[in-house]
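Below you'll find the structure, written out as structure tokens, and then a few comments.
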Amino acid sequence: GAVVSQHPSWVICKSGTSVKIECRSLDFQATTMFWYRQFPKQSLMLMATSNEGSKATYEQGVEKDKFLINHASLTLSTLTVTSAHPEDSSFYICSARDRGPTDTQYFGPGTRLTVL
Amino acid sequence: AQSVTQPDIHITVSEGASLELRCNYSYGATPYLFWYVQSPGQGLQLLLKYFSGDTLVQGIKGFEAEFKRSQSSFNLRKPSVHWSDAAEYFCAVGADKLIFGTGTRLQVFP
């Protein structure tokens with residue numbers, strides 16, 4: 001199947017700093033990528049839909065200025081957590097939609113963010 | 001409202017036993033339905049999906065799921081569980097945006 005990568009796989013940062021997470025579709029082009037957040041032992045919650053060449057669409061309750069999303073190319077979307085605080089600590093997972101014959105979302109391996 | 005319910009938070013089975021994980025959904029249109037598996041600290045791997053056609057869907061790792069419109073269900077089954085199947089299983093519905101259930105943690109005893 002198609003492969004989606006995330007970088008870094010884990011990151012520890014100080015409160016008040018910003019952290020950028022990359023999501024790449026390795027063997028297909030993705031006009032649409034999604035960013036999810038997962039708390040321990042809970043389900044995935046969609047944060048935003050990232051569209052190549054346009055602004056991201058955020059879900060209700062997600063701060064746009066806090067979680068900056070950029071989808072600059074058909075294979076790369078980035079999520080920047082700005083002025084991170086301990087409550088932003090979580091597991092962030094991206095997915096990319098392959099609109100080819102499979103028409104399926106493929107998920108990255110996730111990024112564990114810990115804010116001290 | 002669109003939603004997915006996985007009634008079983010935690011299931012324990014013996015290796016070699018059969019398995020059924022329940023999933024019920026509420027969706028306005030004809031649903032696209034998915035089952036994903038997540039190992040600890042990992043992303044999600046697609047097991048199988050239903051878009052249309054045959055209501056019994058075959059997936060990877062010996063899993064299958066049956067779409068029952070009358071019951072709004074999409075239960076996941078496996079005839080004989082292996083220890084390596086221990087993981088978290090998520091049912092999801094949606095076309096573009098996916099709505100996930102709360103997950104079922106599967107534990108397998110030797």
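Identify all residues within the stretch B:40-50 that are surrounded by fewer than 20 Cβ atoms within 10 Å (Cβ to Cβ), at pLDDT below 90 and within 10 Å of another protein chain (Cβ to nearest Cβ); write none if there are none. Hits for the stretch B:40-50 are B:41, B:42. A single entry from B:15, B:20 fulfils the requirement of being within 18 Å of residue B:105 (Cβ to Cβ) and touching a Lys or Arg at 6+ places or on another chain (Cβ under 6 Å): B:20.
On inspection, residue B:14 qualifies as touching a Phe, Trp or Tyr at 6+ places or on another chain (Cβ under 9 Å), small (Gly, Ala, Ser) and farther than 18 Å from residue A:95 by Cβ.
Matching residues to (1) without any contact (Cβ under 8 Å) to a residue 40 or more places away in the chain; (2) of a type in the set (Ser, Thr, Tyr):
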{"site": "A:46", "(1), (2)": "yes, no"}
{"site": "A:49", "(1), (2)": "yes, yes"}
{"site": "A:78", "(1), (2)": "no, yes"}
{"site": "A:88", "(1), (2)": "yes, no"}
{"site": "A:91", "(1), (2)": "no, no"}
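Taken over the stretch A:20-49, residues that are within 14 Å of residue A:107 (Cβ to Cβ) and not aliphatic (A, V, I, L, M) amount to 11. Scan the strands (runs of 3 or more DSSP E) fully inside the stretch A:16-59 and keep the ones with 2 or more residues being away from chain B (no Cβ under 13 Å) and surrounded by fewer than 22 Cβ atoms within 10 Å (Cβ to Cβ). In the stretch A:16-59, A:19-25 are the strands (runs of 3 or more DSSP E) which contain 2 or more residues that are away from chain B (no Cβ under 13 Å) and surrounded by fewer than 22 Cβ atoms within 10 Å (Cβ to Cβ).
Of all the residues in the stretch B:27-85, those that are in a strand (DSSP E or B), β-branched (Val, Ile, Thr) and within 21 Å of residue B:16 (Cα to Cα) number 1. In the stretch B:25-36, the residue that is surrounded by the most Cβ atoms within 10 Å (Cβ to Cβ) out of those that are more than 9 Å from every other protein chain (Cβ to nearest Cβ) and touching a Lys or Arg at 6+ places or on another chain (Cβ under 8 Å) is B:35.
For the stretch B:86-105, how many residues meet the condition of being within 14 Å of chain A (Cβ to nearest Cβ) and either in a strand (DSSP E or B) or within 12 Å of residue B:10 (Cα to Cα) (or both)? Residues that pass the stated criteria total 13.
Which of the residues belonging to the stretch A:80-115 are assigned to a loop (DSSP other than H, G, I, E, B) and within 13 Å of chain B (Cβ to nearest Cβ)? Hits for the stretch A:80-115 are A:99, A:101, A:102, A:103, A:108, A:109, A:110.
The values are calculated or read from the model by the stated rules, or taken from the named source; none is laboratory data. Because the structure is a prediction, the values reported are computed rather than measured. Cβ coordinates were reconstructed from backbone atoms using ideal geometry, including for glycine residues, and neighbour counts include every protein chain displayed.
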